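Reading through the structure tokens given below for one structure.
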Amino acid sequence: MKIGIDARMYSSGFTGIGRYTFELIRNLAKSDAKNEFVIFLNSPEFENFVPPASNFQKVRVDAEHYSLTEQIKFRRILNHEKLDLMHFTHFNSPIFYRGKSVTTIHDLTLSFFPGKKMNDWLHRTAYNLVLKRGVKNASKIIAVSANTKKDLIKLLRTPSEKIEVVWNGVGREFIPAVPTELSRKQLARDFGIEKSYLLYTGVWRDHKNILGMLAAVAKLAEDTNFDGELVITGKANPVYAPEIFAKVKELGLEKTVVFTGLVSDEDLRKLYQNARGFVFPSFYEGFGLPPIEAMSCGIPVAASNSSSIPEVCSKAAEYFDPRNIDEMAKAIWRIWNDESVRKKLTEAGAKRIWDFSWRKMTEATWQVYREVLES
């Protein structure tokens, strides 16, 4: 069989979808030497991508996401390849493509939190059209959590039997490490981190509730003897960065908050491993990979009790209402200062991570491929 994979979000600076696509391709290469895989990429990732096995080939697309080029040029390229099955790793597929296909829905964030770029009529209309047609046209839908499946059924009235829930995995390179004097000096040199710290990693968007997290840390500093730092990774989104920087100044957190910018995989692991705790304050997540990575590195997690997060984190997180600043501050304080809570969560996290692996994800995804190919 000839199977296509949309890898236009494949990137060295991984986001959630980029990580998902990378791990899917890597694990398919390890497990399938019989079928032919066509990997569709944009530049510059096309030039940098090395096919992982002889039955993998790459095709340049250069079609920007959510563009007219995506709808016309990408569809023409797909038709030319004469695929037995196409896997769209995000909902933004050409709406007139009629081949057999699987579409992964990671979340419906823009339906609940359109943000500052999706509030005008044109963008909202285009988003809703592409999402609805992409879900309708797919032979099968992969939802990364039961919560995402529930959202698909509720918002788009997608038949339950069309949707398979396949959890994401966590890389086994995320492992605990004992902080050392050398590692602390490296963090100080590379990022300016001088104290014990809480960690947040993720994109800068309104649904991530970074402003709420800053308010909770300010509350913590005001009410307790908290003297640590809050380390925030991720690219400074120009749409949201000004209000985040302004909030830090307003709350007097200039000496408490450290912004690292986008970090490499290796540096991300070091930041996890040396953190005293991880905070995940989102209003909405389709899955929520960072707290699982934090658990895998052996640090306790304080997390929002919304959307898919309790499904994924189970009993291995200290939960809070993301709209209740006092409650968030208290949860963060417990993972920072209460040794019994820290021990309980660390042990629970070490067990929970074994429910997630990219190998399991790939095997389950292949079963979805098989079902569609045999239909």
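Data overview
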{"read-out": "Dipole magnitude of the stretch 190-291, debye to nearest 20 (Cβ charges: Lys/Arg +1, Asp/Glu -1, about Cα centre)", "value": "120"}
{"read-out": "DSSP-defined antiparallel bridges as percent of all bridges, the chain, nearest 5", "value": "0"}
{"read-out": "D_trans [Stokes-Einstein, Kirkwood Rh over alpha-carbon pairs] for the stretch 224-375, 10 °C, 1.306 mPa s, µm² s⁻¹", "value": "93"}
{"read-out": "With 10 Å bins from 0: P(r) over the chain, alpha-carbon pairs, percent", "value": "5, 23, 32, 24, 13, 3, 0"}
{"read-out": "Excluding exposed DSSP-loop GluC sites (Glu not before Pro) (at most 15 other C-beta within 10 Å), longest clean stretch of the chain", "value": "255-373"}
{"read-out": "Fluctuation leader among H207, H87, H65 - the chain, Gaussian network, Cα springs under 10 angstrom", "value": "H65"}
{"read-out": "For q = 0.23 Å⁻¹, Debye-computed log10 I/I(0) when each Cα of the stretch 59-165 counts as one equal scatterer", "value": "-1.31"}
{"read-out": "Dipole moment magnitude, nearest 20 debye, the stretch 181-355 about Cα centre, only Lys, Arg, Asp, Glu C-beta charged", "value": "220"}
{"read-out": "Residue with peak Gaussian network fluctuation, the chain [Cα springs, cutoff 10 Å], from L271, L152, L122", "value": "L122"}
{"read-out": "Electrostatic dipole magnitude of the chain [Cβ: Lys, Arg +1; Asp, Glu -1; Cα centre; debye, to 20]", "value": "960"}
{"read-out": "Max mean-square fluctuation residue, GNM over the chain, Cα-Cα springs under 10 Å, options I193, I77, I105", "value": "I77"}
{"read-out": "Compactness of the stretch 250-303 as Cα Rg over 2.2 N^0.38 Å, two decimals", "value": "1.25"}
{"read-out": "Filter on K149/K315; K100/K150; K150/K344; K30/K360; K185/K343 - keep pairs with C-alpha separation over 19 Å", "value": "K149/K315; K100/K150; K150/K344; K185/K343"}
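The numbers here are math on the coordinates, done by the rules we state, and not lab data. Remember, predicted model here, so these are calculated numbers, not experimental data. Cβ sites come from the backbone with ideal geometry, for glycine too, and all protein chains shown count toward neighbours.
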